[in-house]
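**Q** Mind looking over this structure? Questions follow.
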Amino acid sequence: MSIWSRISDALSALAKGEGLSQVFERLKTPPEKSVAFTIAVIALSAKMAKADGLVTRSEVMAFREVFHIAPEDEAGAARVFNLARQDVAGFEEYAKRIRAMFQTDQTVLIDLMEGLFHIAMADGTYHPNEDSFLERVAEIFDLTERQFAGLRCRFVPDAKPDPFNVLGVTPDTPIDEIKQKWRRLVVESHPDQMIARGVPEEAIKMSEKRLIAINNAWEEISSRHAA
């Protein structure tokens, strides 16, 4: 059964009049956390699309790059997106429910933020409203300013790339500690590790960009140190 079929099953369990936010109350344990992760990205993407006022074709294509959607599953994905746009619950309500679901593993929330940044930048423009939206979601997820800055500089062209932000360290951090952090991030970014913590196989492509950014950051920092 594909993840989209499992999502359809989750949606069919909604009682009449319930909003999409109610789904998160039913998907609190593995393996359904991967369903919750996917719904969370779709739902918050739909809310974010309202932040800049429109949904572009490039944003739809970007979603396809994060999640591989077979033609027969497009209707299910579209249904989640439309339910989220129409739901009276605001994005903060969604974010809070998602935060509660993944409170034992903040790494999953960072995975989710990466998907949102990827979709936000799909049309080549980072709208101020999108920045405010993502910053507020990160705040609800209890991400630090440094973690948010690290995500932003990896995805937004006008954000000055800072290798220390990418690795979540400071220039004063000892090089041995930076190396340990880099190695830990590499392990956390392995596809098997991502699947184990609830990221669906359909979204593992996100790990490719992360690994490139992490390795580039370490290479730059280690080169500076050697010099």
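The values are calculated or read from the model by the stated rules, or taken from the named source; none is laboratory data. For clarity, every value in this text was computed on a predicted model and none was experimentally measured. Methodologically, a virtual Cβ is constructed for each residue, glycine included, from the backbone with ideal geometry; neighbour enumeration extends over all protein chains shown. Side chains included, ligands, DNA and RNA excluded: accessible areas come from the protein's heavy atoms. Shrake-Rupley method; radii C 1.70, N 1.55, O 1.52, S 1.80 Å.
**Q** Determine if the stretch 128-143 includes at least one residue that is of a type in the set (S, T, N, Q) and farther than 19 Å from L44 by Cβ.
**A** As a first pass, look at the stretch 128-143 and keep what is of a type in the set (S, T, N, Q): 129, 132.
In the following step, the residues that additionally are farther than 19 Å from L44 by Cβ were identified as none.
Within the stretch 128-143, none of the residues are of a type in the set (S, T, N, Q) and farther than 19 Å from L44 by Cβ.
**Q** Oh, and also: So, in the stretch 100-136, exactly how many residues are under 12 Å from the mean Cα position of the chain (by Cα) and open to solvent by 20 Å² or more (accessible area, probe 1.4 Å)? Steps first, answer last, please.
**A** Taking the stretch 100-136 first, the residues under 12 Å from the mean Cα position of the chain (by Cα) are 106-120, 134.
Among the residues that remain, those that are also open to solvent by 20 Å² or more (accessible area, probe 1.4 Å) are: 106-107, 110, 118.
Count: 4.
**Q** Need at least 2 residues that are buried (at least 17 other Cβ atoms within 10 Å of the Cβ) per element, so show me which helices (runs of 4 or more DSSP H) inside the stretch 137-227 make the cut, counting only ones lying wholly within it. Lay out the reasoning, then the answer.
**A** On the way: elements: 145-155, 163-167, 175-188, 191-196, 206-226.
The qualifying helices (runs of 4 or more DSSP H) are 145-155, 163-167, 175-188, 206-226.
**Q** Quick check on the stretch 168-215: of everything there that is polar (S, T, N, Q) and at pLDDT 90 or above, which residue is nearest to the chain's Cα centre (by Cα)? Talk me through it step by step, then tell me what you get.
**A** Kept after step one, since they are polar (S, T, N, Q), are these residues of the stretch 168-215: 170, 173, 180, 189, 193, 207, 215.
From what's left, at pLDDT 90 or above: 173, 180, 215.
Working: T173: 27, Q180: 24, N215: 20 Å.
Only one residue tops the list, namely N215.
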